[in-house]
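The values are calculated or read from the model by the stated rules, or taken from the named source; none is laboratory data. Not measured: the values here are computed from a predicted model. Ideal geometry is used to build each Cβ from the backbone, glycine not excepted, and the neighbour counts take in all protein chains shown.
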Amino acid sequence: MAITNTSGRRKTAVARIYLTEGSGIITVNGKNHTEYFPTLPLQYIVNQSLEVSGSTGKFDVTVNVAGGGVKGQAEAVRLAIAKAIVELDPETKSGLRAKGIMTRDDRMVERKKPGRKKARKRFQFSKR
């Protein structure tokens, strides 16, 4: 099997992954994924695509991820893994889509407006 290369994004985080047949090792930026994402919820997010598609332990995943925070990075990795699995086995797409994993969450931070403190915060209004 050749290497499958896909990417996933969430907020400002971008994950590029390389999926190969193997024993289920996930490496993120040169570290084991349990070391890079130390909390269980983040580890669950990273493994979710593999679990839903029934591919746990079948593939080795090498990830380069940059930008954003740890949660955004974990969700970017989840999307990238899901896209790679669908590329190899299109029948898994319906199950992944039903769990909402195949959808790119396009919500981004709203920009700060000129003359204001933050994106939506206004200065205090004085009637008199």
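Things worth noting here:
- Here I101 fits the description: assigned to a loop (DSSP other than H, G, I, E, B), β-branched (V, I, T) and out of contact with any Phe, Trp or Tyr (no Cβ under 6 Å at 6 or more places or on another chain).
- Note on the range 19-49: residues that are closer than 16 Å to E75 by Cα and either crowded, with 16+ Cβ neighbours inside 10 Å or in contact (Cβ under 8 Å) with a residue 40 or more places away in the chain (or both) amount to 13.
- The range 1-86 holds strands (runs of 3 or more DSSP E) entirely within its bounds, and those carrying 1 or more residues that are under 21 Å from D106 (Cα atoms) and under 15 Å from the mean Cα position of the chain (by Cα) map to 4-10, 13-21, 59-66.
- Subset of the range 5-16 [farther than 17 Å from V70 by Cβ and buried (at least 18 other Cβ atoms within 10 Å of the Cβ)]: T6
- Residue under evaluation G72, criteria (1) at pLDDT below 95; (2) of a type outside the set (A, V, I, L, M); (3) in contact with a Lys or Arg (Cβ under 8 Å, 6 or more places away or on another chain), criterion not met: (1)
- Lone qualifier among R97, R122, R111, R107 - being charged (D, E, K, R) and touching a Ser or Thr at 6+ places or on another chain (Cβ under 9 Å): R97
- Residues within the range 75-128 that are more than 17 Å from R16 (Cα to Cα) and either among the charged types (D, E, K, R) or in contact with a helix residue (DSSP H, G or I) (Cβ under 7 Å, 6 or more places away or on another chain) (or both), tallied: 22
- Qualifying residue in the range 57-70 (condition: more than 16 Å from R10 (Cβ to Cβ), free of Cβ contacts under 8 Å to residues at least 40 places away in the same chain, buried (at least 16 other Cβ atoms within 10 Å of the Cβ) and among the β-branched types (V, I, T)): no
- So S94, is it over 28 Å from T34 (Cβ atoms) and part of a helix (DSSP H, G or I): yes
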